[in-house]
Amino acid sequence: MARTGLMACALLAAGAAQGQAQGAKAYPEKMIKVVVPYPAGGATDTLGRMVASRLEGWKQTTIVENRPGASGNIGSELVAKSVPDGHTILIGIT
C-alpha cells in the first residue's frame, strides 16, 4: 500500500513539473519598474539606477521611479500592492 502511494506521488510531481515547463514564459515579458522609496539624487537612487542599467541587458525597457515619503513606506507600499509577477523591484536600505 505504501509503495502505491509513493508511486502516485512521484507521478503527480512529474506531471506538475512537466505542466510548469510547458506553460512557462520567458522573463521578463514586459517593462521592469525599479522603485526607489527615497528622493532622486541620493545614494539609494544612484544604486537603483545602477541596477536598472544592468537589467537593460535583458533588452527590456527598465524605468526607475522615485516614490519618497514616510521614511520609505510610500514606495514600499506601492511595490507590495503591485502584481506579484517579478516586474516591479524595490531598492531599499537597512
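Selection of region 56-94 for residues being free of Cβ contacts under 8 Å to residues at least 12 places away in the same chain and either hydrophobic (A, V, I, L, M, F, W, C) or touching an Asp or Glu at 6+ places or on another chain (Cβ under 8 Å) (or both) yields A70, A80, V83. Picking from residues in region 77-94 that are closer than 21 Å to S53 by Cα and not in a loop (DSSP other than H, G, I, E, B), the one that is most open to solvent (accessible area, probe 1.4 Å) is L90. Using the structure shown, decide if T46 is surrounded by 15 or more Cβ atoms within 10 Å (Cβ to Cβ), polar (S, T, N, Q) and at pLDDT 90 or above. In short, no. May I ask you to verify whether E56 is of a type in the set (D, E), surrounded by 11 or more Cβ atoms within 10 Å (Cβ to Cβ) and assigned to a helix (DSSP H, G or I)? Yes; evaluated as a whole, the condition is true for this residue.
The values are calculated or read from the model by the stated rules, or taken from the named source; none is laboratory data. This one's a predicted model, so the numbers in the text were calculated from it and none came from an experiment. A quick note on method: Cβ atoms are made from the backbone with ideal geometry, for glycine too, and the neighbour counts reach across all protein chains shown. Surface areas here come from the heavy atoms of the whole protein model, side chains and all, with no ligands, DNA or RNA. Shrake-Rupley method; radii C 1.70, N 1.55, O 1.52, S 1.80 Å.
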